[in-house]
Amino acid sequence: MQDLSDREALADATNPLGLDGIEFIEFSTAKPQALGQVLEMMGFRPVARHRSREVLLYRQGDMNIIINAHAGGLPRSVQPSDVPVIAAIALRVRDAASAYRYALDRGAWALPTHVEVMELNIPAIHGVGASRIYFVDRYRDFSIYDVDFTLIPTVQANPPALTGLHWFGVVQYIGNDRMQDWTEFYGKLFGFMALPAEERHGILPKGRVLKSPCGSFYLQLIEPEPGILDVDGKESLQRIGLGAPDVLASVGALRERGVSFVESQGVHSETRGALTQSYLGGAMFELVHDER
């Protein structure tokens, strides 16, 4: 019989940060109302406002999306523009300060923060492009939103997920010959593991898929394809993946709410997955069959 301490040591080795899923994904945009309308079509609801910045929190089920229209002065940060951009992803971890130090010790770039009065200092490192990766350890009884946000009156604070939608992952566009660099980045800092080439999800199975050590979400790395995928030499977080127990039921429910899907010979809605059209030039959502 394996000793309990041995099992804990093994868990720490495979999941060194105690990663426990995605806390929030943040969009930067100069048109927060327009993006908010897109999120509401997708089943999200505005539930809280930041106390001192032009920032809104949208939620459905266990998913949080932050719309940030605040123009900050920090270097290498995503500034709001008409086209919404995924500016940050926040990871739930066992201990945020320890996770931050662990990442820095393994080569991550520290991110300067500017904390206002009555705001939390959430540690973060540089991600792809100008994006950020936050470490959050307050996500159970007491959360980061209890300090920085005020609830919108008369709004349900925890709206249920539409047709069981939940986080599945994020798609990242990378530069030519950068696949191994990013695989090592996520593996060394967070404990992500590459899935076998034959193990694929959804209807857009290109690139390499990395599984989080907690098993709750994935990162898909996609290199540019000449004549097919042009990323203008820029690396970025490109779209959000939502897990759906029944993809076609979710597609039907979202269509009733006004969401349009890509329907072509090469890409179309089916039981494995579906892809929404691009809204506002940058907001796109992929549905992936996932019964978790």
Filter the range 136-152 down to residues that are part of a strand (DSSP E or B) and in contact with a Leu (Cβ under 8 Å, 6 or more places away or on another chain) and give me whichever is surrounded by the fewest Cβ atoms within 10 Å (Cβ to Cβ). Phe149
Checked the range 237-287 for anything more than 17 Å from the chain's Cα centre (by Cα), within 21 Å of Gln37 (Cα to Cα) and at pLDDT below 95; matches are Gly281
Just give me the residues in the range 208-234 being crowded, with 17+ Cβ neighbours inside 10 Å, assigned to a loop (DSSP other than H, G, I, E, B) and modelled with pLDDT of 95 or more, in sequence order. Ser212, Pro213, Cys214, Ser216, Phe217
Determine if the range 166-179 includes at least one residue that is exposed (fewer than 15 other Cβ atoms within 10 Å of the Cβ), more than 27 Å from Met41 (Cβ to Cβ), modelled with pLDDT under 95 and of a type in the set (S, T, N, Q). yes
Mind telling me which of the residues Ala108, Ala87, Ala130 ends up being assigned by TED's automatic domain parsing to the domain that holds Gly21 and in a strand (DSSP E or B)? Ala87
Given the criteria of a type in the set (Gly, Ala, Ser) and in contact with a Leu (Cβ under 7 Å, 6 or more places away or on another chain), does Gly202 qualify? no
Scan Pro196, Pro159 and give me the residue that is exposed (fewer than 14 other Cβ atoms within 10 Å of the Cβ) and closer than 30 Å to Val262 by Cα. Pro196
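The values are calculated or read from the model by the stated rules, or taken from the named source; none is laboratory data. Please read all numbers here as calculations on a predicted model, not as lab measurements. Neighbour counts run over all protein chains shown; Cβ positions are idealised from the backbone, glycine included.
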